[in-house]
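What follows is one structure encoded as structure tokens, with my remarks underneath.
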Amino acid sequence: MRSPENGAALRADTPHSLTDGTTRWPVFAGVPYLRAGRDAVRDAALTALDDGRERDAAAVLLADNDDWWDEPPPPAEQLRAVLDATTLREAVAGLGLGRVGDYFLHRDHDPSGLAVLALTAAHPPAGRPVLDLACGAGHLLRRLAQAHEGPLTGIDVVFAKLWLARRFVVGDDVALVCADLGHPWPVSPAGDAYVAVHDVLYFLDDPAAVLATAAEHAGAGGAVVAAHCHTTGRPGHPRPPEGWAALLPGASTYGEEELTSATLERRLPRSADTGDLGDTEAVALARDEGAAVPEPGFLDPAPGADLRPNPLYADGERRWPNPVWGEEYGPRASTYLPRRWPDPLPGDAVARRLLVDLPEPW
């Protein structure tokens, strides 16, 4: 890894910190905090770690959020207590993540999560090193680890999301780094790579720069895949399909609705010209210079997964986790999740995500 400030190689100077020769950076739960421009957060966490106050350091790092978040952080005492959470549900509540926490709890079976699986099936890593940008709580990384893909690295700007990934979703076998994509990336290219950047480009002020860096990182035989790029009329910084396609020349383009349907129907998705995607709510891009062979297995839960009833059902009734979730995902989720829990279960209960593969401590 390299410093986001001066580009120098980072080395460990204590068990809980890295240095670039000029600046020190904290490490907690095996996750380096390399977020440039957050000097006060970095220094407060380092001071606490140097003093042996790990819980105080955790509270500082877990309170830090992205610039889009509009809620105040929970009290430090509550954040310290989160370290004792035993389930993902308990942790997202303690972190005060609200609607973002609900997003993580249901990411594996929301329509956009299913769309990512179809895009991955059509354009798989095929053994190349994976860099998952804005990886959130690590749901895609978990599925790739189950498929024995690797090595796997996830980057996100919010430390709390990476802590959730480490503690409840991916374990210790995935490298996680807290960093801002608007600054020099802390990971160096290592040959042909697979770079995923899902559900984030519309948040960024300069998605063109991120995609250009992703293409450089991917190398001559690598791939760049980007799902859920909002089109006109959606939140964030939307663009029409042709606007997104122009940012990654040579990429195949997909409508999100087609990707979701492909996963539900257990088939590979069909790409489309941007001129035919005027009605899609989000476009996906995929440029694979390695021309990897599609892997339909990604459409399904991992073989041998311990499947459980979809937690969107309570007392036999389907309930959206919050109104914002229901507004964004409800119309499409209603097409595969019936209002009442079916009895008996249909033969396609797994494909329709009535039965789901949740992280064990969900």
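The values are calculated or read from the model by the stated rules, or taken from the named source; none is laboratory data. Everything numeric in this text was worked out from a predicted model, so none of it was measured. Here Cβ is always computed from backbone atoms with ideal geometry, including for glycine, and neighbour counts include all displayed protein chains. These accessible areas exclude ligands, DNA and RNA; they are computed on the full protein's heavy atoms, side chains included. Shrake-Rupley method; radii C 1.70, N 1.55, O 1.52, S 1.80 Å.
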**Fill in**
Scalar couplings 3J(HN,Hα) for segment 330-343 by Karplus 6.51 cos²θ - 1.76 cosθ + 1.60 (θ = phi - 60°), nearest whole Hz, x for Gly and Pro, are x, x, 7, 4, 5, 6, 10, 10, x, 4, 10, 5, x, 9
**Average accessible surface area per residue within segment 229-362, 1.4 Å rolling probe, Å²** = 50
**Message:** Compute a Gaussian network model of the chain, connecting alpha carbons closer than 10 Å, and tell me which residue from Ser252, Ser188, Ser17 fluctuates the most.
**Reply:** Ser188
**Asked** Of the peptides 138-150, 232-244, how do they stack up when ordered by the mean number of other Cβ atoms within 10 Å, highest first?
**Response** 138-150, 232-244
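Using the per-residue mean of other Cβ atoms lying within 10 Å as a proxy for protection, in what order, highest first, do the peptides 294-303, 125-134, 159-168 fall?
Most protected by this proxy first, the peptides run 159-168, 125-134, 294-303.
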**Asked** Once every DSSP H run of n ≥ 4 in the chain is given -39500 (n - 2.57) and the sum is divided by its residues, what mean residue ellipticity at 222 nm do you get, rounded to the nearest 500 deg cm²/dmol?
**Response** -8500 deg cm²/dmol
**Asked** Can you pull the three principal axis extents for the Cα set of the chain, in Å, largest first?
**Response** 57, 49, 39
**Request:** Would you mind getting the Kirkwood hydrodynamic radius of segment 185-292 from its Cα pairs, rounded to one decimal in Å?
**Result:** 14.1
**Asked** What is the set of long-range amide H partners of Tyr194 at a cut-off below 5 Å, with H atoms built 1.01 Å from backbone N?
**Response** Val130, Leu131, Ala223
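If a/c stays under 1.5 just call it rounded; otherwise compare a/b with b/c (prolate if a/b is bigger, oblate if not). Do that for segment 92-246, with a ≥ b ≥ c from the square roots of the Cα gyration tensor eigenvalues.
rounded
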**Message:** Given N residues in segment 1-99, what is its alpha carbon radius of gyration divided by 2.2 N^0.38 Å?
**Reply:** 1.12
**Request:** Count charges around Glu257 for me, please; just the other residues with Cβ under 9 Å from its Cβ, Lys/Arg as +1, Asp/Glu as -1.
**Result:** -3
**Asked** Roughly how many percent of the accessible protein surface of the chain is carbon and sulfur, given a 1.4 Å probe and a whole-percent answer?
**Response** 50
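Where Lys and Arg each count +1 and Asp and Glu each count -1, what net charge lies around Tyr103 among other residues with Cβ under 12 Å from its Cβ?
Neighbour charge sum, excluding Tyr103 itself: -2.
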